[in-house]
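J.: Right, I'll just put the structure down here and ask away after.
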Amino acid sequence: MLKIVRKNDDLFSVGIKTKNAKLLCDIYSDSAQYVQPDRSILDGKDSIRREWEYFILLKEKPLDLVLNIHEVRGNREIIYETGDGFTLLGDSTKWKFNYVNVWRLQKDGSYKLEIDTYNSLK
């Protein structure tokens, strides 16, 4: 399970580095939910894609997104991941956060994010 999660987590970094909102959106299932602090829940890939399009163009210039896995558990159908991470910005500062990802096995054998949530660390 750890190998599956690490491979998928690495796509966040690639998507931010290449400013590729489509790649970031493809990490999610069609029915995914993205839960952010102090905001409405985003439902579905279209809403999530628009959020990533906005995010990669922020004036703070996100350069990378790094996830540090703390725990992975679950079964073949569903994988729960917890960890912390940061977004590296153009001025070398970091936006730090904790996160929970819920990965679900898809019909094609891949794993996609079903639930993505985080909270900021001060």
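J.: Could you work out the relative contact order of the chain? I mean the mean sequence separation of Cα pairs under 8 Å and 6+ apart, divided by the number of residues, in percent. Numbers along the way, then the final one.
T.: Values: 241 pairs, mean separation 29.7, N = 122.
About 24 percent, as a whole number.
J.: Can you order the peptides 73-85, 93-105 by their average number of other Cβ atoms within 10 Å per residue, highest first?
T.: On the way: 73-85: 15.1, 93-105: 17.0.
Highest-to-lowest ranking by the protection proxy: 93-105, 73-85.
J.: Give me a comma-separated list of calculated 3J(HN,Hα) values for segment 78-89, in order, Karplus coefficients 6.51, -1.76, 1.60 applied at θ = phi - 60°, integers in Hz, x for any Gly or Pro.
T.: Whole-Hz 3J(HN,Hα) from phi for segment 78-89: 9, 10, 9, 10, 10, x, 9, x, 7, 9, 7, 9.
J.: Using the Cα gyration tensor of segment 31-96, with a ≥ b ≥ c the square roots of its eigenvalues, what is the shape: rounded (a/c below 1.5), prolate (a/b larger than b/c) or oblate (neither)? Don't skip to the answer; put the middle values down first.
T.: Working: a/c = 2.47, a/b = 1.28, b/c = 1.93.
The shape class here is oblate.
J.: A further question follows. Among 35-45, 20-30, how do they line up from the highest to the lowest mean number of other beta-carbon atoms within 10 Å?
T.: Details: 35-45: 12.4, 20-30: 17.4.
My ranking of the peptides, most packed first, is 20-30, 35-45.
J.: Let me ask something else. With a 1.4 Å probe and all protein chains left in place, how much accessible area per residue does the chain have, in Å²?
T.: Numbers: 7220 Å² over 122 residues.
Normalised by residue count, the accessible surface of the chain is 59 Å².
J.: Taking 0.36 nm per residue of separation and subtracting the Cα-Cα distance, what length does fully extending Arg50 through Lys3 add?
T.: Residue separation times 0.36 nm, minus the Cα-Cα distance, leaves 14.1 nm.
J.: May I pose another question? Roughly to the nearest percent, how much of the accessible area of the chain is carbon and sulfur, given a 1.4 Å probe?
T.: On the way: 3770 of 7220 Å².
Roughly 52 percent, rounded to a whole number.
J.: I need the phi-derived Karplus couplings for segment 13-27: 6.51 cos²θ - 1.76 cosθ + 1.60, θ = phi - 60°, integer Hz, Gly and Pro marked x.
T.: Here the 3J(HN,Hα) series is 4, 4, x, 6, 4, 9, 6, 10, 5, 5, 4, 4, 5, 5, 6 Hz.
The values are calculated or read from the model by the stated rules, or taken from the named source; none is laboratory data. Just so it is clear, the model here is predicted, and its values are computed rather than measured. All Cβ positions, even for glycine, are placed from backbone atoms using ideal geometry, and neighbour counts span all protein chains on display. All accessible areas refer to the heavy atoms of the entire protein, side chains included, with ligands and DNA or RNA removed. Shrake-Rupley method; radii C 1.70, N 1.55, O 1.52, S 1.80 Å.
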